[in-house]
Amino acid sequence: MENAITHFALAGMPISCEPYGCGHINSTFLVVTDTGRRYILQKLSRNAFHDPKGLMENVIAITSYIGRQAVDPRQCLHLVPAEDGRLYYEDEQGEVWRVYDFVEDSICLQAAERPEDFYESAIAFGTFQNQLADFPAATLHETIPHFHDTPDRYRKFKEALAADVCGRAKDIQPEIDFVLAHEAEAGTLQRMRDSGELPTRVTHNDTKLNNVMLDAATRRALCVIDLDTVMPGLAAYDFGDSIRFGAATAAEDEKDLAKMEMSLDAYETFARGFLTACASLTDRERETLPWGAKLMTLECGVRFLTDYLEGDHYFSIHRPEHNLDRARTQFKLVTDMEEKWDQMGAIIRRVTGEN
Ligand code: ADP
Ligand code: GN1
Ligand code: MG
C-alpha cells in the first residue's frame, strides 16, 4: 500500500497509512499527509469483484451524477485522481487501488446509538435511491452477478455443501436444516422481479449502517459510501439489508443468540425515514418490504454459511468460526422476524397511511 499511495495526487506527503474501518470485503487504510489532509485508500477485493475496472466505471459515473446534486461536498464521495489522471491505479500484480477524500467531521456507526441515527441512515439510503431514479441503469456493470438472487445463493450453498472441502458440514446440521427448510420461500422476491411485478431501480445493495456517514455535529445524514455494489435491484433489497443489520439488537457476529432479535421499534423508525425519502414506491413495493427484511437476512446467513463451508475465502474473519457465528445470528433474526411477521406488515401499512 506504500507503493500504491505514491501514485495518487495527494495534497502533501503521506506520513501515515493505517488499516481502517470494519468492512468485510476491501482492504481500507486511512492516509494522513504532512499538510494534515486525510484520505481513504482502498485495495479492491479481487475475490469479490472480478471486473474491478467495470466497478470503477460504475463508481465514477455514480459519484459524478450524485456530486452534481450535492450542496455540501461531503454529501458525495469524491475520488482522488492518480498521477495519470485516471481515478484508480492498477499495480504490477493487477491489484486495483483507489483513493477517496476522507469525509471529515463525520461519524460512521456500527450500531445506532439512538433511534435518530437509524432514521438518518434511512434518509440517506432513501435519498440515494431517489437521486438515482433517472440514472441510466443499463449503463451500469453488474459488479457481482446475481448478487441478491437468493435462489442462486442457494445453488451455491448446495454446491459448497456437496463439496464440503473443509469437512465442516458434519458439525453444522442444525444450520443446514434451517437453510433447506426455508428454500421454498427464498425465491419470493426474485420471482416478482423476473415477472416485472416489482420495478427494477438503481439500488445500493449493501445498506449496512456502517455504509452511511452522518454529520458529527448535527448527526444528520451526509452521504452513502461503499458504492461497489450499486446495480439495478429492488427497493426491498435496500430496505431489507438495512433492517437486517441496523434493526438487530446485537452485532452481526454476536455469539450469545439470546441477545439477537429484530427490534420492531427500530424497524418502524427505518420504515418512516425510508418511505419519507423515497415516496415514489409503488403499493406493491411497499407491501414487499417485509420480504426484503426477511430474505436479505436469510440470504446473508446462507452466504456466511457457504463461506464457512468453503473455508472463509470471501468475508474477512477474525476468529476460526466467525462466519458460522455470523450465519447463526442471521438465522436467529429470521426466526424472530417470522414471529413478528404480522406486525412488520402492519407497520408498513400504518407508516404508508401517515405519509
Ligand atoms: P468495505 O467494502 O470493505 O465495507 P467501505 O468502503 O465500506 O469498505 O469502507 C470501510 C470503512 O471505511 C467504512 O465503514 C467507513 O468507516 C470508512 N470509510 C470508507 N470511506 C470513507 C470516507 N470517504 N471517509 C471516511 N471514512 C470512510
Ligand atoms: C459485506 O462490504 P461490507 O462489509 O459493507 C458484503 C455484504 C454483506 C455484508 C455482511 C460486496 O459488506 O453483501 O451483506 O458484508 N459486501 C459484499 O456484513 O459482498
Ligand atoms: Mg462497507
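Every number in this text was worked out from the coordinates using simple rules, so none of it is lab data. Keep in mind the model is a prediction, meaning the values are calculated, not measured. Cβ coordinates were reconstructed from backbone atoms using ideal geometry, including for glycine residues, and neighbour counts include every protein chain displayed.
Figures for the structure shown
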quantity	calculated
Surrounding net charge for E197, when Lys and Arg each add one and Asp and Glu each subtract one, Cβ distance under 12 Å	-1
Dipole magnitude of the chain about its Cα centre (Cβ charges: Lys, Arg +1; Asp, Glu -1), debye to nearest 20	400
Leading residue at positive end of dipole, the chain (Cβ point charges), from A169, C22, P73	P73
Long pairs among K170/K208; K170/K294; K208/K332; K53/K208; K43/K294; K158/K255, criterion Cα-Cα beyond 30 Å	K170/K208; K43/K294
Chain lengthening between V165 and S195 when straightened (0.36 nm per residue, less Cα-Cα)	7.1 nm
³J(HN,Hα) computed for each position of segment 17-25 - Karplus, 6.51 cos²θ - 1.76 cosθ + 1.60, integer Hz, glycine/proline x	8, 10, x, 9, x, 10, x, 9, 10
Cα gyration tensor shape for segment 46-159, rounded if a/c is under 1.5, else prolate or oblate	oblate
Whole-number percent relative contact order across segment 79-198, with pairs defined as alpha carbons under 8 Å at least 6 apart	15
Nearest-ten-degree value, helix 264-277 long axis tilted from longest Cα axis of the chain	60
Tensor-based shape of segment 25-106 (alpha-carbon gyration tensor, a/c under 1.5 rounded, otherwise prolate or oblate)	oblate
Once exposed loop GluC sites (Glu not before Pro) are cut out (DSSP; at most 15 other Cβ, 10 Å), longest piece of the chain	198-355
HN-Hα J in Hz across segment 245-254 - Karplus 6.51, -1.76, 1.60, θ = phi - 60°, x for Gly and Pro	8, x, 9, 6, 8, 9, 5, 4, 10, 4
Table column - 3J(HN,Hα) (Hz), segment 100-117, Karplus curve with 6.51, -1.76, 1.60, x for Gly and Pro	10, 4, 5, 7, 7, 6, 10, 10, 10, 9, 8, 8, 5, 8, 8, x, 4, 5
Which of P52, T276, Q93, positive extreme of dipole for the chain (C-beta unit charges)	T276
Dipole moment magnitude, nearest 20 debye, segment 186-247 about Cα centre, only Lys, Arg, Asp, Glu C-beta charged	180
Angle in degrees between helix 150-163 and the longest Cα principal axis of the chain, rounded to the nearest 10	90
Computed [θ] at 222 nm, deg cm²/dmol, the chain (DSSP H ≥ 4; -39,500 (n - 2.57); rounded to nearest 500)	-14000 deg cm²/dmol
Helix axis angle, 289-310 relative to the chain longest principal axis, alpha carbon, degrees	70
In segment 53-88, trypsin sites (Lys or Arg not before Pro) in a DSSP loop with at most 11 other beta-carbon atoms within 10 Å	R68
Residue-span extension gain [L257 to R114] - 0.36 nm each, minus C-alpha spacing	49.3 nm
Contour excess over end-to-end distance, with Cα ends at E287 and H146 and 0.36 nm allotted per residue	48.4 nm
